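Beneath this line is the structure, given in structure tokens, with notes to follow.
The values are calculated or read from the model by the stated rules, or taken from the named source; none is laboratory data. The structure displayed is predicted, hence computed values, not measured ones. So basically every Cβ, Gly included, is an ideal-geometry build from the backbone, and we count neighbours across all protein chains shown.
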Amino acid sequence: MARPKEFDPDAAIEQAMKVFWRQGYGATTPQGLADTLRIGKGSLYNAFGGKRQLFDLALRRYLDLQVAAVTAWLESSGPAKERLRNALHFLVESDLADPDRRGCLATNSAVEFGRADEAVAAQVRGLFDRTESTFQGLIEEGQCTGEIDPGRDAKALASMLLNTITGMHVLARIEPGPGRLLRVVDATIDLL
């Protein structure tokens, strides 16, 4: 008879996400994960296959959470520019409210892995593609209502917004307060 699992795999993925987010992949050891998750190393390997497989699950969880959070702001009601501003303010507030100043796990993973690991790069590109597409849709909506110049390239503006939020996540890791980040938000929205 098989032994029942003595831990909740979903809760373990959530905890692992926090560990990888705080420490990065390279600085996280399988034993450190097992200790944090309060499971044996054997259970870690049996349940997830290993550190890398658990990282993939944790990154996927993070990406799903980020897409849901940003999409909620962007798909709310109101003028397009105001929704964009609110989404960017939400990102600033979230980054600065984090006492560990972890930034964005997707951005951190892109920096840590670069193109050396195509699977991670593909997951991060997927988030960036979805975010950019959502930005583009909102920009096109703003162009239809006259808020945003319809002569501007919506895809290029969406790429600029993606680059802006990626940079803001990096800045938030070291900024002592919101001043510079809020100036970036205001300048970015004004450029639209």
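Looking at the stretch 44-59 only, could you name the residues that are closer than 18 Å to Gln23 by Cβ and assigned to a helix (DSSP H, G or I)? Show your work before the answer.
Filtering the stretch 44-59 for residues closer than 18 Å to Gln23 by Cβ gives 44, 48, 50-59.
Selection gives Leu44, Phe48, Lys51, Arg52, Gln53, Leu54, Phe55, Asp56, Leu57, Ala58, Leu59.
Quick one: would you say Phe7 is buried (at least 17 other Cβ atoms within 10 Å of the Cβ) and farther than 30 Å from Gly142 by Cβ? Before you say what the answer is, go through the steps one by one.
Details: buried (at least 17 other Cβ atoms within 10 Å of the Cβ): no; farther than 30 Å from Gly142 by Cβ: yes.
Taking the combined requirement at face value, the residue does not satisfy it.
Return a yes/no flag: does the stretch 111-120 have any residue that is under 16 Å from Ala87 (Cβ atoms) and not in a loop (DSSP other than H, G, I, E, B).
Taking the stretch 111-120 as the starting set, the residues that turn out to be under 16 Å from Ala87 (Cβ atoms) are none.
Within the stretch 111-120, not a single residue is under 16 Å from Ala87 (Cβ atoms) and not in a loop (DSSP other than H, G, I, E, B).
For the stretch 141-163, state whether one or more residues are under 17 Å from the mean Cα position of the chain (by Cα) and more than 22 Å from Ser76 (Cα to Cα). Walk me through it before giving the result.
Here is the first cut: in the stretch 141-163, the ones under 17 Å from the mean Cα position of the chain (by Cα) are 158-163.
Narrowing further to those that are more than 22 Å from Ser76 (Cα to Cα): 163.
Scanning the stretch 141-163, I find at least one residue that is under 17 Å from the mean Cα position of the chain (by Cα) and more than 22 Å from Ser76 (Cα to Cα), so the answer is yes.
The conditions are (1) outside any loop (DSSP other than H, G, I, E, B); (2) out of contact with any His (no Cβ under 9 Å at 6 or more places or on another chain), and Thr107 fails exactly one of them. Which is it?
All conditions are met except number (2).
Looking for whichever is farther than 12 Å from His169 by Cβ and assigned to a loop (DSSP other than H, G, I, E, B) here; the options are Arg130, Arg152. Which one fits?
Working: Arg130 fails: assigned to a loop (DSSP other than H, G, I, E, B).
From the options Arg130, Arg152, the qualifying one is Arg152.
Can you find even one residue in the stretch 17-26 that is polar (S, T, N, Q), out of contact with any Pro (no Cβ under 6 Å at 6 or more places or on another chain), modelled with pLDDT of 90 or more and loosely packed, with under 13 Cβ neighbours inside 10 Å?
As a first pass, look at the stretch 17-26 and keep what is polar (S, T, N, Q): 23.
Adding the requirement that they be out of contact with any Pro (no Cβ under 6 Å at 6 or more places or on another chain) leaves 23.
Next, only the ones that are modelled with pLDDT of 90 or more stay: 23.
Cutting the leftovers down to loosely packed, with under 13 Cβ neighbours inside 10 Å gives us none.
Checked the stretch 17-26: no residue is polar (S, T, N, Q), out of contact with any Pro (no Cβ under 6 Å at 6 or more places or on another chain), modelled with pLDDT of 90 or more and loosely packed, with under 13 Cβ neighbours inside 10 Å.
Could you grab me the full set of residues in the stretch 171-187 that are in a loop (DSSP other than H, G, I, E, B) and either surrounded by 15 or more Cβ atoms within 10 Å (Cβ to Cβ) or touching a residue at least 12 places away in the same chain (Cβ under 8 Å) (or both)?
First, pick out the residues of the stretch 171-187 that are in a loop (DSSP other than H, G, I, E, B): 173-178.
Arg173, Ile174, Glu175, Gly177, Pro178, listed by residue number.
Is there a residue in the stretch 42-52 that is exposed (fewer than 15 other Cβ atoms within 10 Å of the Cβ), under 15 Å from Tyr25 (Cβ atoms) and either in contact with a Phe, Trp or Tyr (Cβ under 9 Å, 6 or more places away or on another chain) or in contact (Cβ under 8 Å) with a residue 24 or more places away in the chain (or both)?
Scanning the stretch 42-52, I find at least one residue that is exposed (fewer than 15 other Cβ atoms within 10 Å of the Cβ), under 15 Å from Tyr25 (Cβ atoms) and either in contact with a Phe, Trp or Tyr (Cβ under 9 Å, 6 or more places away or on another chain) or in contact (Cβ under 8 Å) with a residue 24 or more places away in the chain (or both), so the answer is yes.
Do we have Arg85 as in a helix (DSSP H, G or I), basic (Lys, Arg), touching a residue at least 40 places away in the same chain (Cβ under 8 Å) and surrounded by 15 or more Cβ atoms within 10 Å (Cβ to Cβ) here?
In short, yes.
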